[in-house]
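In what follows, a structure is listed as structure tokens, so that the remarks can point back to it.
The values are calculated or read from the model by the stated rules, or taken from the named source; none is laboratory data. Model, not experiment: these values are computed from the prediction. Glycine gets a Cβ as well: all are built from the backbone with ideal geometry, and neighbour counts include every protein chain shown.
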Amino acid sequence: MVIVDIVTIEIVLFLICLLLSGFFSSSEVALVSITRAKVHALLCQGRKGAEALERLKRSTDSLLITILVGNNIVNVAAASLATAIAIGIYGDVGIGIATGVTVILMLIIGEIGPKMYASRHTEELALRVAGPILLLSKVLYPVLWVADRIKGQFAFRPGVAEPVVTEEEIKEWIDVGEEEGTIEEEERDMLYSVLRFGDTTVREVMTPRVDVVMIEDTSTLEHALSLFNETGFSRIPVYHERIDNILGLLNVKDVFAAVFRQQTSATIRDRMYEPYFVPESKKIDELLKELQLKKQHMAVVLDEYGSFAGIVTVEDMLEELVGEIMDEFDEEEPEVQQIEEGVYLVDARTWVEHINEDLHLNLPVTDAYESIGGLVIDRLGHIPRRGEVVRVEESNITLVVMQMRGRRLVKVKMTIAPSAVPDEAR
């Protein structure tokens, strides 16, 4: 009679250990899987258990140690109880029986079942188990303290914390969101633009000096007004004698006001304002903030030698986020136009890296040039003439000079050999 009572107690304890094993297994999946961003959102919503969850997520190492200690204790206890029960009933043969039964039950009740449930109900389960796991971590504080000291002594990079979320992971989430339909393609492109924004330099978005409309400081206001009318621009750089010698920026409103009031003695020097000079290597996110503080819409870009390289406007930078911003003076013309299968008409200013990325090509990229026009000039070794041909053998691509404007290359026809035609064009 006494033996039956002991066996009954052991069976009850064994079942409790099995349930606790499932609890720790499911807790591990739920608490590790839930992201810090989701925890922050739950905390802002005031969800029950969110505060305990937030405290646990502050230290992933302590969280894992707490769960592993608890899980190992109940697993060892369950195995010991199963062995005692089997020996009490079957004798020495019971050891084999206990091992087989324990493994099966542990897999189903203690591991597979709970973890599958946790993967499907991560948020709900994490909120429920956060309190008990936090309480257990306080009980196991001495163990956690020792583990923390050991980690500090043997860490390969002490004091260096890995980022909670990397940019690559964010991109993966964006791609998954698009695949599942929660993020539209346009939204995906804008999110990618935001991630690239901080890495983009002024050189990549500026209008190069060869395309900048400028005016000399000795010109008349009537000439300036006529230039504004012809170009549709609202601001124009002012130079003195040489275009590298930028003195200021001229606003159409100031010129119009002077002409309208018939201020015949007013000059361009009187009406221009001081320009803001920036290096072409400057990041556009920093420049955008600076222009906002200075309440300016344009900056003058200088190269590494201090020479005038171009201009950059707030619109140029915002277009990196939202795409081309067209107004009544802009003529919409894509940088790369497909003429027929495998044949494209390309703006000579288009960056080679952008062409490779958009068309999945492998045009060579070096420090000697950045644009497709630069590639043509680099291969020819001289200023090109209309009709000249460049064959990029390693990429199976032929480039033909289609349009020149003075000594400036404007348009290039790019023909891709059939074996190199991108999938999108087929």
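Some notes on this structure:
- Where strands (runs of 3 or more DSSP E) fall entirely within region 334-426, those with at least 2 residues that are buried (at least 16 other Cβ atoms within 10 Å of the Cβ) are at 343-347, 389-392, 397-405, 408-416.
- Qualifying position, being closer than 23 Å to Asp211 by Cα and in contact with a Lys or Arg (Cβ under 9 Å, 6 or more places away or on another chain), among Ile372, Ile339, Ile355: Ile372
- Just one of the numbered conditions (1) at pLDDT below 90; (2) over 30 Å from Pro237 (Cβ atoms) is not true of Leu399: (1).
- A single entry from Asp189, Asp244, Asp199 fulfils the requirement of being in contact with a strand residue (DSSP E or B) (Cβ under 9 Å, 6 or more places away or on another chain), of a type in the set (D, E, K, R) and either part of a loop (DSSP other than H, G, I, E, B) or more than 30 Å from Ser307 (Cα to Cα) (or both): Asp199.
- First in region 376-390 and closer than 20 Å to Trp351 by Cβ, second anywhere and among the small types (Gly, Ala, Ser), Cβ under 8 Å, 6 or more apart: Val376/Ala348; Asp378/Ala368
- Filter result (among the charged types (D, E, K, R) and modelled with pLDDT of 90 or more) within region 223-241: Arg235
- Residue in region 171-178 that is touching a residue at least 24 places away in the same chain (Cβ under 8 Å) and surrounded by 15 or more Cβ atoms within 10 Å (Cβ to Cβ) present: no
- Hits in region 335-372 - residues which are without any contact (Cβ under 8 Å) to a residue 12 or more places away in the chain and closer than 21 Å to Gln403 by Cβ: Gln337, Glu340
- Filter result for Ala86 (buried (at least 17 other Cβ atoms within 10 Å of the Cβ), modelled with pLDDT of 80 or more and assigned to a helix (DSSP H, G or I)): no
- Conditions (1) in contact (Cβ under 8 Å) with a residue 60 or more places away in the chain; (2) surrounded by fewer than 15 Cβ atoms within 10 Å (Cβ to Cβ); number of the one not met by His40: (1)
- Residue in region 129-147 that is over 16 Å from Leu64 (Cα atoms) and at pLDDT 75 or above present: no
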